[in-house]
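The values are calculated or read from the model by the stated rules, or taken from the named source; none is laboratory data. Small disclaimer: the values here were computed from a predicted structure and weren't measured. Positions of Cβ are generated from backbone atoms using ideal geometry, with glycine treated the same way; all protein chains shown enter the neighbour counts. Surface accessibility is based on the protein's heavy atoms, side chains included, excluding ligands, DNA and RNA. Shrake-Rupley method; radii C 1.70, N 1.55, O 1.52, S 1.80 Å.
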Amino acid sequence: AQGYLGHEAWGAIAAMQVQWLALLVGLRAANLGSATTTTTGATSSATATATAAAATTTAAAATTTGAATAAATTTSGAGGTVSATTAAGATTSGATTNGTAAGGTNGTATTATTAKATTTTTTISVVQIQVVQTTATVEAPDCNTAGSMSTDPTVKNAFIKTMANITGVPEANVACTTTKKFCRRRLQTELFDSARRKLATPSVQADFSVTAPSGTTTTAISSSISNTQLTDFQNALVQNLANTNYSNTSLKVSSISTPSTSSQLTGYTKCYFGQACYFDLYEANTQYEINSRAAVDLVTCGQQCANTQGCEAFEHIVDKNKKQPSCVFWKAGACDIPNGNPPGFVSGITFTAVTTCERNGTRSTFTQIASKCQRKSILGIVLALLWAFLMGFVTG
């Protein structure tokens, strides 16, 4: 994946111009005799206004659990009012200090000492495991049946039970996704299969990932799948569908692919080897985040993603030339490979070793950014107008 820093230079230029403009505005404000004070680190404030006699107010802070909000009381004295407010997310205790209200009348305001709220996050332990993958294709009577079966959870469970029985592993060790296949329009199918001039039969495709339990090897699982006859798989599947809406549906298992073994990570649905997305089509630090430029291994990158809020997938790159970052997080629905053909998607990468792994859970909705050229032109116009306006304000 290349070109991921294409728009970062623009961000740096924009930041410098904003700093220059802020300096000019500050100088202008100083000349006009206005002063602005910014206080950093305060979590509570008290404001006192009075027009006559002195007033005394004590702020009573309320403590809540989680996102805590301190609620302050307000007391009105003889001709004066003092109020206290506190920031959310803190535990506040009241303390009284003396202050001077507007107009020279003595009043009493309150300050507060705060304790920072803490949040504990529990994450998974990411380890690398070996899984056996295979695909079974089952012919259905028509596309409507294939489509409904592919989205029915009872059918998915029937496939899982069938594979668990064949391989001798617990059902919890079998993952399965089902999709409908060969349901294009007739003309499209004929054009696609012009060499054969034969229409493909509507089918349900079941993709399996089988994890070897303790005491079982991936070699044994692969052997069990390879030695299974299509008719045996079909009979077991029909039996497991007996209590579903498809108990009387005519089905035929047309193929079971040769099983293969690959590395996967716990806490992740699947890792895609040699597949990734170009970074320059996404927003830095919003849709992707460079976690490490220094070389880290696949498991370390996966653990860092699991420990990071908002990380939905990660891209691990092994670049001998050290021109690419080693670990990159995908966020906000970006580079959603399982959903099919995300922006900037590339596969079969041979110039570097790259792996993209999807975390367990649901992806966020993806919003594509404007094109690079459009972003640059809009940024230039906005900065030019802002510069002209502030120059007129400072000089005029």
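Of the cross-linked pairs K156/K252; K270/K320; K156/K331; K180/K252, which ones have a Cα-Cα span greater than 21 Å in the structure shown? If you can, show how the numbers build up before the last one.
Working: K156/K252 16 Å; K270/K320 25 Å; K156/K331 29 Å; K180/K252 14 Å.
Where the Cα-Cα span goes over 21 Å, the pairs concerned are K270/K320; K156/K331.
From the protein chains alone at 1.4 Å, what is the descending order of accessible area for R363, R293, largest first? Display every interim value, and only then the final one.
Values: R363 45, R293 135 Å².
If we order R363, R293 from most to least accessible, we get R293, R363.
Ignoring ligands, DNA and RNA, what percent of the accessible area of region 129-179 is carbon or sulfur (1.4 Å)?
Details: 1050 of 2050 Å².
Heavy-atom surface of region 129-179 belonging to carbon and sulfur, 1.4 Å probe: 51 percent.
What does region 274-338 give for Rg and for Dmax, in Å, if only its C-alpha atoms count?
Using the Cα atoms of region 274-338, the pair Rg, Dmax is 11.0, 30 Å.
Counting only other residues whose beta carbon sits under 14 Å from that of F273, what net charge do I get with K and R as +1, D and E as -1? Kindly include the intermediate steps, with their values, before the conclusion.
Values: positive: K270; negative: E315, E358.
With Lys, Arg at +1 and Asp, Glu at -1, the neighbours total -1.
Rolling a 1.4 angstrom probe over the protein heavy atoms, how many square angstrom per residue are accessible across region 225-301?
Working: 4000 Å² over 77 residues.
On a per-residue basis, region 225-301 sits at 52 Å².
Where does the charge balance sit around Q205 when Lys and Arg score +1, Asp and Glu -1, over other residues with C-beta under 10 Å from its C-beta?
Values: positive: K180, K181; negative: D207.
Summing Lys and Arg as +1 and Asp and Glu as -1 gives +1.
For K323, list the aspartates and glutamates whose Cα falls under 19 Å from its own Cα; do not include residues on the same chain fewer than 8 positions away.
Cross-link targets: E8, D280, E289, D297, E315.
Students sometimes get this wrong: rank C183, C301 by accessible area, probe 1.4 Å, all chains present, largest first.
Working: C183 45, C301 0 Å².
Largest to smallest exposure gives the sequence C183, C301.
In whole Å and largest first, what semi-axes does the C-alpha gyration tensor of region 306-369 yield when each eigenvalue is scaled by 5 and square-rooted?
On the way: eigenvalues 90, 42, 21 Å².
Ellipsoid half-lengths, sorted descending, are 21, 14, 10 Å.
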